[in-house]
Amino acid sequence: MSTGIHDRYESPLTSRYASPEMAALFSPANRFYIWRQLWLNLAKAEKELGIKGVTDEAIEEMEAHLTLTNEDFETAKIEEKRRRHDVMAHVYAFGQAAPKAAGIIHLGATSCYVTDNGDLIILRKGLDLLLDKLARVIHQLSRFAHEYKSLPTLGFTHFQPAQLTTVGKRATLWIQELLWDLRNITRARNDIGFRGVKGTTGTQASFLSLFDGDHDKVEALDARVCELFGFKILYPVTGQTYSRKVDIDILNPLSSFGATAHKIATDLRLLANLKEIEEPFEKDQIGSSAMAYKRNPMRCERVCSLSRHLMVLAQDALMTNSVQWLERTLDDRFVSFLTTDIVLSLLQNISEGLVVYPQVIQHHISQELPFMATENIIMAVTKKGGDRQECHENIRVLSHLAAKAVKEGKENDLIERIKKTEYFKCIHDEIDSLLDPSTFIGRAPQQVDKFIKEHVNPALEPYSEILKQDKH
């Protein structure tokens, strides 16, 4: 019995919460529909190249029965139980539905003609769906970054207060990684080829026999079936399967995206703890059964949980590829499109409903900005003729006193201390301007604008129609 990416989805949970489009793509109904398409296009190509047993009536009947009925599924189920082979069970079921084609369905092919080519078709479409969703997340976060490009906020290094940045500038750090994910997944999508018509061990022996030793017709058949499915790349050589290294190339960018998603969600969880930014929270949502006041970042926590799962799946593809003995073994494999789809859905939901609390952000700034402003104060005193070293010592003493007060649970009173100190009298009228947060954010607003214009907008251009539809 053949085994493909659909035999182990991941879990009922991921199937349940995946988008309808992704769930439908990986459904048995779609899988077997694609198998029938593969058998149909093989027959069409064989007829074009002169195989007399393939008739117009057979092709017409196949075309009329591409979508499986309940009876088709039941027929295949019974036959698979008897034969213990899923592909042959569906060959039989298709032949029952299209009896004029029964004798030519799967002509010259091996099971992997439908399982592996079918998987490649699904993988490519799955990446298309993921890229559309990823573009939506990038677009939404870009709008957020632009809206808050000039709102000062404490920067953090080692999760300790550092020089100011802006809420929007911080968001560009998330977006930049998502743009790299968009690039990497696009590359993986465009690199997917077609296994084509290669036979049981990849030698095309059955097709060479079918065409009476005509090598040119065998190559033409391979190319024609590839063309009918719209693939630009045809793998020149295969064993029975397409190389499982293809799965590695697909899973690596998905796992890498998992790391991005985990970082974004973790940042938002930290900011939620600071009460600066929150994920969406429904009107009647309950944060805790005991602590009624709680607003837990459950969406971000879910992103982190799923992303951890996603990040380690690249190892599965590496292990599977490493044990593909000679022309093929029957090791299970799966590609985690459903998990990625759910993570993207969560990120889209989060990014569309982020709530910013400017007053809390300003309060946190007020607690730390006086310390950050000490260098500006020293420069201002020096410009008035003061001695730099003497000024530094005066402000050092006051800073330590203010820091001690903060650690005792009091407000940061460094500025009040400076205003009461005779030494700093020469700049008392400048102190408020020296503490303007907007003077501490450097080029953050300009960086946001330039980043969106020069990097985000060009990357999203291929998705412009989708994003326009979202606006409506």
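Observations on the structure shown:
- Value in Å of the Kirkwood radius, where the stretch 354-447 supplies the Cα pairs that are averaged: 14.3 Å
- Kirkwood-based shape ratio for the stretch 165-304, expressed as Rg/Rh from alpha carbons: 1.29
- This model, with +1 at the C-beta of Lys and Arg and -1 at the C-beta of Asp and Glu, gives the chain a dipole about its Cα centre of some 1000 debye.
- Rounded to the nearest 20, the Cβ-based charge dipole of the stretch 19-95 about its Cα centre (Lys and Arg +1, Asp and Glu -1) stands at 420 debye.
- Listed residue (Gln469, Ala259, Val381) projecting farthest to the positive dipole end of the chain, Cβ model: Val381
- The chain - Debye-derived log10 I(q)/I(0), Cα point model, q = 0.06, 0.09, 0.13 Å⁻¹: -0.42, -0.74, -1.16
- Angle between the chain longest axis and helix 298-322 axis [Cα atoms, degrees, rounded to 10]: 50 degrees
- Those GluC sites (Glu not before Pro) in the stretch 58-94 that DSSP places in a loop and that have at most 12 other beta carbons within 10 Å: none
- Lys/Arg +1, Asp/Glu -1 at C-beta; the chain dipole; positive extreme among Leu401, Gly230, Thr172: Leu401
- Beyond 12 Å, the tail of the calculated P(r) for the stretch 417-461 holds 70 percent of the Cα pairs.
- With the helix formula -39500 (n - 2.57) applied to DSSP H stretches of n ≥ 4, the chain reaches a computed 222 nm mean residue ellipticity of -20000 deg cm²/dmol.
- Averaged over its residues, the stretch 321-454 has an accessible area of 54 Å² per residue, based on protein heavy atoms and a 1.4 Å probe.
- Cα-only radius of gyration and Dmax that characterise the stretch 56-97, units Å: 10.6, 32
- Between 0 and 90 degrees, the angle of helix 70-83 with respect to the longest Cα principal axis of the chain falls at about 70 degrees.
- Estimated dipole of the stretch 390-469 in Debye, rounded to 20 [Cβ of Lys and Arg +1, of Asp and Glu -1, Cα centre]: 220 debye
- The listed peptides 198-209, 125-136, ordered by packing as a protection proxy, come out as 125-136, 198-209 (highest mean of other Cβ atoms within 10 Å first).
- Sparse packing (at most 14 other Cβ atoms within 10 Å of the Cβ) combined with a DSSP loop state is found for none of the chymotrypsin sites (Phe, Trp or Tyr not before Pro) in the stretch 341-435.
- Among 97-104, 169-176, 158-165, sorting by the average number of other beta carbon atoms lying within 10 angstrom of each residue, highest first, gives 169-176, 97-104, 158-165.
- Using a probe of 1.4 Å, the accessible surface attributed to His363 totals some 80 Å² when neighbouring protein chains are kept in position.
- Å² of accessible area per residue within the stretch 178-225, as computed with a 1.4 Å probe and no ligands counted: 46 Å²
- Taking only protein heavy atoms and a 1.4 Å probe, the accessible area of the stretch 321-411 is 53% carbon and sulfur.
- The stretch 153-278 - percent of accessible surface contributed by carbon and sulfur, probe 1.4 Å: 51 percent
- Counting only protein heavy atoms and a 1.4 Å probe, the stretch 108-175 has 32 square angstrom of accessible area per residue.
- For the chain, the longest principal axis of the alpha carbon atoms and the long axis of helix 167-191 meet at an angle near 20°.
- Only Cα sites of the stretch 17-68 enter the Debye sum here, all with the same form factor; the resulting log10 I(q)/I(0) across q = 0.15, 0.16, 0.18, 0.20 1/Å is -0.49, -0.54, -0.62, -0.69, listed in q order.
- Translational D in µm²/s for the stretch 122-186 (Stokes-Einstein at 20 °C, 1.002 mPa s, Kirkwood Rh from C-alpha pairs): 163 µm²/s
- With the convex hull of the Cα atoms taken as the outline of the stretch 322-394, the averaged projected area works out to 12.8 nm².
- Over all directions, the projected convex hull of the C-alpha atoms in the stretch 201-284 averages 10.1 nm² in area.
- Cα lying deepest toward the dipole's positive end in the stretch 336-472, options Val448, His428, Ser336, charges on Cβ: His428
- Fraction of C-alpha pairs exceeding 18 angstrom in the stretch 37-165: 68 percent, rounded to a whole number.
The values are calculated or read from the model by the stated rules, or taken from the named source; none is laboratory data. Predicted model only: the values in this text are computed from it and were never measured. Note that we place each Cβ from the backbone using ideal geometry, even for glycine, and neighbour counts take in every protein chain shown. All accessible areas refer to the heavy atoms of the entire protein, side chains included, with ligands and DNA or RNA removed. Shrake-Rupley method; radii C 1.70, N 1.55, O 1.52, S 1.80 Å.
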